[in-house]
Structures are given as C-alpha cells and as structure tokens.
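Just so it is clear, none of the values below were taken in a lab; they were calculated from the coordinates. Since this is a predicted model, take the numbers as computed values, not measurements. Glycine gets a Cβ as well: all are built from the backbone with ideal geometry, and neighbour counts include every protein chain shown.
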Amino acid sequence: MRQMTEMAWLSESEMAAWRSFIETQADLVNALEADLAETGLTLGDYQVLVFLSEATDHRLRMCDLADQLQLSPSGLTRRLDGLVRDGLVERVPSEVDRRVMLAALTHRGWTRLGDAAPAHLSSVRRRIIDHLTDDELTTMATVFGKLRRALDE
C-alpha cells in the first residue's frame, strides 16, 4: 500500500481502473435491479431473503442482519417493513433473550426467494459472469474480497 506524503495523482492505469469502476457500477446495479423488478423484489429485499435463508433456523438477530447488510438499525427497520407487510419475513422475539428481536424468513419468503432466484441468477450471468473468463472471475473475487477486508478494518 502506498504512503501519501503529498498529493499523488492517479497514474494512467490507476485512472483507467477507477474510471471503469465508477462509470459502470451504478449502471450495473440499476440493470440488476431492473431485471429483478419483475419478481416484485428489490436487490436489497433479495439480499435480506438470501441472508436469512442461509442462517441457522432461517433467523438472524436484527443487529447481526443489519451488520451483514451494512445498514443502520433504522435502515434495517425500513428495509424489513415491506418484507414483513408482504409476509416474507417476520419479527420474532428471541427465545433465549426476550430483549432481542430476530428477523425470521417465513415459508412465503422462502417460496418467493426460490421463485426469484432463477431470474436473478440469469441476470447475474447475463450482466457479469458471461462476459468474464474464469481467470477474470477469480481476479474479481480477489479484488473485491481485498477491498471488503480493507473497508472492514
């Protein structure tokens, strides 16, 4: 990692990498979002359902779900309100500690996730996977994994 003692402008290759990222990421997310819209879910909704589907007993403490989604408690409340209203997720008190609330995937939520997954996976393949070689996918995972760890520090 480079130490900056004075303003260091981006090199040509650094600028190309930065510009390709910044000029693509919003359009890519918007395209994935639009492709998922036909299922009645947003990417944020889909991500909640995925995290809950992967959790033990399909439940997570609200604070843990907020951390995974990188949302504030109020942001998580807003995200869950529509999912709860649609019967896809429910808020339930913890059986271990009644002060703790859990977000729980309902049967309806599990079904909606299963129904939405083919459209979402098709979109991810069409928008990302099909354009990259195996080596590029490995590099992509390495790069974003490294950036994720840096953000978490």
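Observations, loosely collected:
- Kyte-Doolittle mean at least 0.5, axial Cα span of 15 Å or more - DSSP H helices of the chain: 43-54
- Additional length obtainable on full extension of the chain from Val124 to Thr24, 0.36 nm per residue less Cα span: 34.5 nm
- Test item: Cα-centred dipole of the chain, Lys/Arg +1 and Asp/Glu -1 on Cβ, debye: 540
- Relative contact order of segment 28-153, defined on C-alpha pairs under 8 angstrom at six or more residues apart (%): 27
- Net +/- balance of residues flanking Asp130 in space, Cβ distance below 14 Å, scoring K and R +1, D and E -1: 0
- Sites Ser72 and Arg149, calculated FRET efficiency, Cβ-Cβ separation with R0 25 Å, nearest 0.05: 0.70
- Listed residue (Leu147, Leu10, His107) projecting farthest to the positive dipole end of the chain, Cβ model: His107
- Positive minus negative residues near Leu36 (Lys, Arg vs Asp, Glu; Cβ under 14 Å): -1
- Distance in nm between pseudo-label sites at Ala34 and Asp115 (7 Å out along the Cβ direction from Cα): 2.4
- Directionally averaged projected area (convex hull, Cα atoms, segment 1-50), nm²: 5.6
- For q = 0.21 Å⁻¹, Debye-computed log10 I/I(0) when each Cα of the chain counts as one equal scatterer: -1.39
- Report note on the peptides 43-49, 81-87, 67-73, 137-143: ranked by the mean count of other C-beta atoms within 10 Å, highest first, their order is 43-49, 81-87, 67-73, 137-143.
- Net charge of Cβ neighbours under 15 Å - reference Thr56; Lys, Arg +1; Asp, Glu -1: -2
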